[in-house]
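Structure record follows, encoded as structure tokens.
The values are calculated or read from the model by the stated rules, or taken from the named source; none is laboratory data. Computed from a prediction, not measured in an experiment: that's the story for all the values here. Using ideal geometry, Cβ is built from the backbone for each residue, glycine included, and neighbour counts are taken over all protein chains shown.
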Amino acid sequence: MPSVDARGVASLLREYARRTALRGGNPYRARAYQRAAESLHTLTIPLDQAIAQGRLRDIPGVGDAIADTIATLYRTGTHPTLAAMRREVPAGVLEMLSIPGLRADKVAKIHRDLGISTLAELEEAARADRLKPVKGLGPALQRKILEGLELRRRSAGRRHLHRAEDLLARTVANLQRSHPRLQRIVPAGDFRRGCEIVSEPCLVAEGSKREYLQISDEIALYVSDRARYGVTLLFATGSAQHLQALRERATSKGLALEPDGLWRAKRLVAGAAEEDIYAALGLQFIPPELREGGDEVARAAAKRLPRLVSGADVRGILHAHTNSSDGINTLDEMAEAARKRGYKYFGVADHSQSAAYAGGLSRDEIKQQHALIDRLNARRRTFRIFKGIESDILGDGALDYPDAVLASFDFVVASVHSRFRQDRDAQTERLVRAISNPHTTILGHPTGRQLLRRPGYDVDMEKVLAACAEHGVAVEVNGNPWRLELDWRWHARALDLGCMLSINPDAHSIAEIDLVRWGVEIARKGGVPRERVLNCLSLSEIAAFFAERKRRRAPNGSQRRRAGAHAQPTSTTKGVSAPRAKRPAR
């Protein structure tokens, strides 16, 4: 019998990655182990079968060395290198890596130079100013540590969407095994509403009677009979503000909305299905993502809710990395994986030359990649790889290649990866200048935030969105669950201003292509319809859109148009008409 299961191996791999990072050396090695740990969760066959059949290398990010490590961890529950690293650094030091913004090299220095081995010791030292005089640490890092410790405390009990999904899925599987009479077990709460951070994971199930069960320290279960399943799901989903608006609507119609149903006096009007309740209230069905107590009830009453974008609407990917920069898989592997998922195009956007930390592409490497793309495109008729780049926005707002190089791409994702601490005015001007560059197609992860890790940089988002609308630059909805930006609270304003959005996974591996789903979820939460998403265009439409933009920024073309005139994809190509965005009725 093995010492650990697949989940246990993933946990040990994560520890291996953290301890490797603390050792120093090549940072990509630690990252490779971390990504392999994450990829183990996507394994579709039991781990013992994968090992026995020699299929470990089929797992994204798993090469020969990591495969050997996984096999050893599975068989023995440990590894000689892991055991040696455990002797070097106490377990408490690993906890310091959970402080947002504190890098592994700084943790190692703190432990080595100050003998600090626990979070409590670190906080005590920071509050006593013991880090300030140490060369390589200093007052700025000390301040960041104290801020990070406070953020860590505030984040307790809160999860990213993908982590909440994993917890809920495991709980559903356990309930199905242990309580086979329960049916229709589904997530509710803020997870069902698509909130970027989940703090109240809960489930709803159909059973023989209505009851509330606290099935763990983390998850509640609402059980309902069939006649009241819908209203139970409605109340368990929330939000409180949305439910209050529904109750007020019910009262205005002589009805009463209660946790056990929608009533007219003593007669149950609806309760079995959410759709029945909304219909009885004279409302369009309101998708769970919109139920935050804004204007959704008024818009549903006026039959003005949009048809929200869905995963099936997304036709291609426009932000993904390969092993030419800091990705795991080759360009061919990434493109083929996208094609097999039903996408019609794949836009590679490796890091640019300023991103030395991520293997950014030199000019020669760009030429080599473009030649490879031409060869790969010649092999496929109904699928296309587009030539893109994630170009760093430099401190002054310039992009980090000259115009001649930028002109060689089909599209450019412009992103900030440094100098986050510029003041609000400077940061805003920096972004606006990058957006106004005629080569910029998409503004990547617009604030640089990492949920539960670091806030975004300070920027005037109103001005940024207005600039995107003016210059026809799409705003990215980044599907990485650590980012999920543009924040959904700004989506309505982006739509009102006339912006297009682009839902992308920011994938660094084949498995991460599927992060598109979280971007779709956040776009739905922001009320975004299909026609306002750039990569919902068909292959012919987006090819025409890219070609038109390249023509207009060519030396003999028009570099500028009137404000807002090229805010949306349009095409003069015969037979192709990409949609021009219209401001939605609100």
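Testing Phe346 on (1) assigned to a loop (DSSP other than H, G, I, E, B); (2) touching a helix residue (DSSP H, G or I) at 6+ places or on another chain (Cβ under 6 Å), one condition comes back false. Which one is that?
If we test Phe346 against (1) assigned to a loop (DSSP other than H, G, I, E, B); (2) touching a helix residue (DSSP H, G or I) at 6+ places or on another chain (Cβ under 6 Å), just (1) comes out false.
Here is a yes/no grid of residues against (1) outside the structural domain of Gly444 (by TED's automatic domain parsing); (2) buried (at least 18 other Cβ atoms within 10 Å of the Cβ):
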position: Glu275; (1), (2): yes, no
position: Ala280; (1), (2): yes, no
position: Leu283; (1), (2): yes, yes
position: Glu289; (1), (2): yes, yes
position: Gly316; (1), (2): no, yes
position: His319; (1), (2): no, yes
position: Ser324; (1), (2): no, yes
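Please tell me if Arg181 is basic (Lys, Arg), within 29 Å of Cys202 (Cβ to Cβ) and not in a helix (DSSP H, G or I). Lay out the reasoning, then the answer.
On the way: basic (Lys, Arg): yes; within 29 Å of Cys202 (Cβ to Cβ): yes; not in a helix (DSSP H, G or I): yes.
Yes; evaluated as a whole, the condition is true for this residue.
Can you tell me which residues in the range 213-232 are assigned to a strand (DSSP E or B), out of contact with any helix residue (DSSP H, G or I) (no Cβ under 7 Å at 6 or more places or on another chain) and either surrounded by fewer than 16 Cβ atoms within 10 Å (Cβ to Cβ) or not small (Gly, Ala, Ser) (or both)?
Within the range 213-232, Leu213, Gln214, Leu221, Val223 qualify.
Tell me which residues, restricted to the range 168-188, are in contact with a Cys (Cβ under 6 Å, 6 or more places away or on another chain) and at pLDDT below 90.
Of everything in the range 168-188, nothing turns out to be in contact with a Cys (Cβ under 6 Å, 6 or more places away or on another chain) and at pLDDT below 90.
What pairs come up if the first residue lies in the range 103-116 and is not assigned by TED's automatic domain parsing to the domain that holds Arg23 and surrounded by fewer than 20 Cβ atoms within 10 Å (Cβ to Cβ), the second is modelled with pLDDT under 90 and among the aliphatic types (A, V, I, L, M), and their beta carbons are under 9 Å apart, counting only those six or more places apart or on different chains?
Correct list of pairs: empty, since none qualify.
Does the range 328-346 include one or more residues that are surrounded by 24 or more Cβ atoms within 10 Å (Cβ to Cβ) and out of contact with any strand residue (DSSP E or B) (no Cβ under 7 Å at 6 or more places or on another chain)?
yes
Kindly indicate whether any position in the range 331-339 is of a type in the set (A, V, I, L, M) and either free of Cβ contacts under 8 Å to residues at least 60 places away in the same chain or over 27 Å from His508 (Cβ atoms) (or both).
Within the range 331-339, one or more residues are of a type in the set (A, V, I, L, M) and either free of Cβ contacts under 8 Å to residues at least 60 places away in the same chain or over 27 Å from His508 (Cβ atoms) (or both).
Where in the range 436-550 are the helices (runs of 4 or more DSSP H), entirely inside, with at least 3 residues that are surrounded by 20 or more Cβ atoms within 10 Å (Cβ to Cβ) and under 11 Å from the mean Cα position of the chain (by Cα)? Give the steps one after another, and end with the answer.
On the way: elements: 461-471, 491-497, 516-525.
Hits in the range 436-550: 516-525.
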